[in-house]
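These notes are about the structure you will find just below.
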Amino acid sequence: MKIKIFSIAFLAFIFLNGITVKADEGMWLPMLIGKNYEQMKKQGFKLTPEDLYSVNKASIKDAIVSFGGFCTGEIVSKNGLIFTNHHCGYDAAASNSTAQNNILDSGFYAKSFTEEKPISGLFVRFLVRIEDVTPKVMAALAGVTDNQRASKIAEISKQIASGASAGTDSEAEVRDIYKANQFLLFVYNRFTDIRLVGIPPQSIGKFGGDTDNWEWPRHTGDFSIFRVYADANNKAAVYNVNNKPYTPKKYLPVSIKGVKNNDFSMVYGYPGRTDRYLTSYGVALATGKTNPTIVKLRDIRLKAWKEEMDKNVDTRLKLSSQYASIANYWKYFIGQTEQLKRLKIYEEKQTQEAKFTSTAKDSVYRNLMQNYKTTYAAYEPFAVHITYINEGLLATPWVRNASQLGGLFSSMSEKKDDAAYMAQVKENMSNVLDDYQQTYNEIADKKIFARILTAFYNDVSKSQHPKFITLITENYWKGSPEETFKNYADYLWANSKLIDPVKLRAFVSNPNMSELEKDPGYMYAKNLNPQDYVKNNLGSVSTDFITQKSRLDNLYLKAILETNKTALRYPDANSTMRISYGQVQNYSPKDGITYNVTTNIDGMVAKYKKGDQEFDLPQSLLDAYKKRDFREYGENGTLPVNFISNNDITGGNSGSPVINGNGELIGLAFDGNWEAMSGDIAFDKNYKRTISVDSRFVLWCIDVLGGAKNIINELDIRRDKIAVDKSKLIMKK
């Protein structure tokens, strides 16, 4: 039986103020991509909408996976082989590296199935189908107050998802789009036996480091390889040595025919979050308050970790994954702030909002912007404080762990006779402790703790300081905030049982509530949130702001959707599957400069600095380059490395396939460009570019540098048609 899932409501997309949506802008729902089909064909797309998304037959959607919930991957062989980014596989490589067998630095390619490395905790999800459930959710929201709305949406969404997955091996979730004006059900199949197959040395996979991050021209081999395993019936199963490589419904052929300017390109993946309906008040808050605070707090962590990572290989391997993760968005928030200001997005949105208000016929809509202004004005004085809690004070792992122990111990005491519950708690606790111990570094963690407290003391209004800050300064004052909080950190590390992983493990193995309540680390964590200062509790300020803003956003989008019900309109990204289409395309960032669409290995070697942490290269690459050993992957006497396209992406798209008009993989998306860092809030049609690693460079690394012919032989490699035809003619002769 064929399944046909659609909604008339979905045909009512519009663009604010009648501005035409550019073909390269938008993260489109795959179930409705047919609405864009004519424009895609004009740009060079040669397949059908059903080739992209279908619930009745295999389609490209079946070759795309949500990788670990934080990246995207694509299936590229009949044996469940996955391509994704190097930075998506970074932790898998780091956690399997030691000073004696350092695959993070040296690279790794399994030459057989038995050499592939199981990665605990990693999973992929395949999308089964999408269904519009807006009528069901809206019916449940009838008569619900604004304060009850979020909890009611969560309740009915859970019911719908449970009903969709009941009696199946699937899992389901309901996600809202258009600021909770519409709701979709997503049904997935989850696989948890995922194994590392290959990854280049990080000198290739991370070439350019923080210096080149978010920059073009780029020369980074940002790829890694995994495989999905299944049981004898091709069903999802926990890791077992007898599991077999998964046979997918669909996998992507890999093209080595190359790219040129204006070629069609499409990105298919799981973009994380965009907020393109954010009002001018939100832009002002981000650029003036929250972004600079996030950058400052991440800078504190990065500097402390780097000081320790430079001391020895073991420490570098332990901290490298979390360092890379924090560094990536540290630079992102710098760039976003800079580009939002350069593009005058605040002023542009102010103009749009004034027009919205002047043309609104309903009084509810006419008052929206004033209500936004009032809501932000109430929250703005506490924005830095709340950012410090989320990004700074709670960023220290031991604080998060300690704050949860009181409730956990109480629950364990109440359910001590429930064997299943106790077993699950112990397993969860063991996993948390293992993860904590893996990245714990006493010197760095203590520095971070003291420096963040110092920054908090200096940056947050004294009227908002919680009581514990006053107690610390009264009891540990050493002449300056810096020395005071350093002294306090020394005291905590010496006297708390909740910070050092060995002490913490011993304590939780024999929990004692009375000892916990006396522990200075627990006392600090428990009193982290200030109670009743000025007129508001900080938690209430945050909750009220979220509730009020969510309702205003909902009304704003409702008004926009009602304005023009015939034009196409894409919703914000929300970690669900999307398609972005456009072209391989050059750009001019400033007068007199035009960037080409591709970079090559000549530029990569030109950046080479022997022994440098960001620009070193493995000897195998240098040797192959000297011989010009590029084989069939080369072009015009060199080897392509990266290319750019005007596809619309964001975080979560890392590892997404870049696909040509024939449905072939031409590269892996891994980054955006500095000139368009405003993209999550404001798409810039002139500068927005997606940076991808060329499939030819990926295969060259696997084949020539890695010697992994077994992997190459798995792939369906699409070569130049003329060359293939000539080969056949020669064979006939």
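Brief remarks follow.
- When residues of region 668-678 are limited to those that are in a loop (DSSP other than H, G, I, E, B) and in contact with a helix residue (DSSP H, G or I) (Cβ under 8 Å, 6 or more places away or on another chain), the one farthest from Val259 (Cα to Cα): Ser678
- Residue match in region 404-422 (condition: closer than 27 Å to Asp314 by Cα and either out of contact with any Phe, Trp or Tyr (no Cβ under 6 Å at 6 or more places or on another chain) or surrounded by fewer than 14 Cβ atoms within 10 Å (Cβ to Cβ) (or both)): no
- The set of residues in region 459-508 that are touching a His at 6+ places or on another chain (Cβ under 6 Å) and assigned to a loop (DSSP other than H, G, I, E, B) contains only Val460.
- Listed by first and then second residue, the pairs linking a residue in region 530-559 that is over 10 Å from Gln464 (Cα atoms) to a residue that is modelled with pLDDT under 95 and among the aliphatic types (A, V, I, L, M), with Cβ atoms under 6 Å apart and 6 or more places separating them unless they lie on different chains, are Ser542/Ile386.
- Qualifying residue in region 434-454 (condition: touching a His at 6+ places or on another chain (Cβ under 6 Å) and assigned to a helix (DSSP H, G or I)): no
- Any hit, region 581-595, residues being in contact with a helix residue (DSSP H, G or I) (Cβ under 9 Å, 6 or more places away or on another chain), assigned to a helix (DSSP H, G or I) and at pLDDT 95 or above: no
- Lone unmet requirement of (1) farther than 25 Å from Val693 by Cβ; (2) touching a strand residue (DSSP E or B) at 6+ places or on another chain (Cβ under 7 Å); (3) surrounded by 18 or more Cβ atoms within 10 Å (Cβ to Cβ) for Ala232: (3)
- Any hit, region 272-288, residues being closer than 21 Å to Phe70 by Cα and either crowded, with 21+ Cβ neighbours inside 10 Å or of a type outside the set (D, E, K, R) (or both): yes
Residue-by-condition table, conditions (1) among the hydrophobic types (A, V, I, L, M, F, W, C); (2) under 27 Å from the mean Cα position of the chain (by Cα); (3) closer than 25 Å to Phe545 by Cβ; (4) part of a helix (DSSP H, G or I):
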| site | (1), (2), (3), (4) |
| --- | --- |
| Val364 | yes, no, yes, yes |
| Asn401 | no, yes, no, yes |
| Gly406 | no, no, no, yes |
| Lys416 | no, no, no, no |
| Lys426 | no, no, no, yes |
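- Beta carbons closer than 7 Å, at least 6 apart along the sequence or on distinct chains, never pair a first residue in region 498-510 that is closer than 15 Å to Val425 by Cβ with a second that is hydroxyl-bearing (Ser, Thr, Tyr) and crowded, with 16+ Cβ neighbours inside 10 Å.
- Region 35-74 - residue that is closer than 24 Å to Gln585 by Cα and of a type in the set (Gly, Ala, Ser) and, of those, surrounded by the fewest Cβ atoms within 10 Å (Cβ to Cβ): Gly44
Yes/no per residue for (1) at pLDDT below 90; (2) of a type in the set (Asp, Glu):
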{"site": "Thr374", "(1), (2)": "no, no"}
{"site": "Asp434", "(1), (2)": "yes, yes"}
{"site": "Asn441", "(1), (2)": "no, no"}
{"site": "Phe468", "(1), (2)": "yes, no"}
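- Residue list for region 94-137, filter: touching a residue at least 12 places away in the same chain (Cβ under 8 Å) and assigned to a helix (DSSP H, G or I): Ala94, Ser95, Ile103, Leu104, Asp105, Ser106, Phe113, Thr134, Lys136, Val137
- Qualifying position, being at pLDDT 95 or above, out of contact with any Phe, Trp or Tyr (no Cβ under 6 Å at 6 or more places or on another chain) and among the polar types (S, T, N, Q), among Thr98, Thr114, Thr84: Thr114
- Of everything in region 327-344 that is at pLDDT below 90 and not aromatic (Phe, Trp, Tyr), the residue that is farthest from Pro397 (Cα to Cα) is Asn328.
- Filter pass, Ile644 being among the aliphatic types (A, V, I, L, M), crowded, with 22+ Cβ neighbours inside 10 Å, assigned to a loop (DSSP other than H, G, I, E, B) and modelled with pLDDT of 95 or more: no
- Elements of type helices (runs of 4 or more DSSP H) in region 246-349, at least 1 residues being without any contact (Cβ under 8 Å) to a residue 40 or more places away in the chain and either under 20 Å from the mean Cα position of the chain (by Cα) or under 30 Å from Leu47 (Cα atoms) (or both): 291-309, 313-342
- Selected residue (only one of Thr470, Thr484 is surrounded by fewer than 17 Cβ atoms within 10 Å (Cβ to Cβ) and either polar (S, T, N, Q) or within 23 Å of Thr315 (Cα to Cα) (or both)): Thr470
- Qualifying residue in region 29-46 (condition: over 28 Å from Asp680 (Cβ atoms), assigned to a loop (DSSP other than H, G, I, E, B) and modelled with pLDDT of 95 or more): yes
- Residue match in region 617-624 (condition: assigned to a loop (DSSP other than H, G, I, E, B), farther than 22 Å from Val259 by Cβ and either touching a helix residue (DSSP H, G or I) at 6+ places or on another chain (Cβ under 9 Å) or in contact (Cβ under 8 Å) with a residue 40 or more places away in the chain (or both)): yes
- Matching residues, region 139-157, being without any contact (Cβ under 8 Å) to a residue 12 or more places away in the chain, surrounded by 12 or more Cβ atoms within 10 Å (Cβ to Cβ) and assigned to a helix (DSSP H, G or I): Gln148
- Pro511 satisfies every condition listed in (1) of a type outside the set (Lys, Arg); (2) surrounded by 13 or more Cβ atoms within 10 Å (Cβ to Cβ); (3) in a helix (DSSP H, G or I); (4) assigned by TED's automatic domain parsing to the domain that holds Gln437 except (3).
- The residues of region 209-232 that are among the small types (Gly, Ala, Ser) and within 25 Å of Ala708 (Cα to Cα), listed by number, are Gly221, Ser224, Ala230.
- Qualifying residues in region 439-454 (those that are among the hydrophobic types (A, V, I, L, M, F, W, C) and farther than 20 Å from Ala324 by Cα) - the one surrounded by the fewest Cβ atoms within 10 Å (Cβ to Cβ): Ala450
- Answer from Ile649, Ile601 - the residue that is surrounded by 16 or more Cβ atoms within 10 Å (Cβ to Cβ), touching a helix residue (DSSP H, G or I) at 6+ places or on another chain (Cβ under 9 Å) and within 25 Å of Arg689 (Cβ to Cβ): Ile601
The values are calculated or read from the model by the stated rules, or taken from the named source; none is laboratory data. Keep in mind the model is a prediction, meaning the values are calculated, not measured. Quick reminder, even Gly has a Cβ in these numbers, built from the backbone with ideal geometry, and neighbours come from all protein chains shown.
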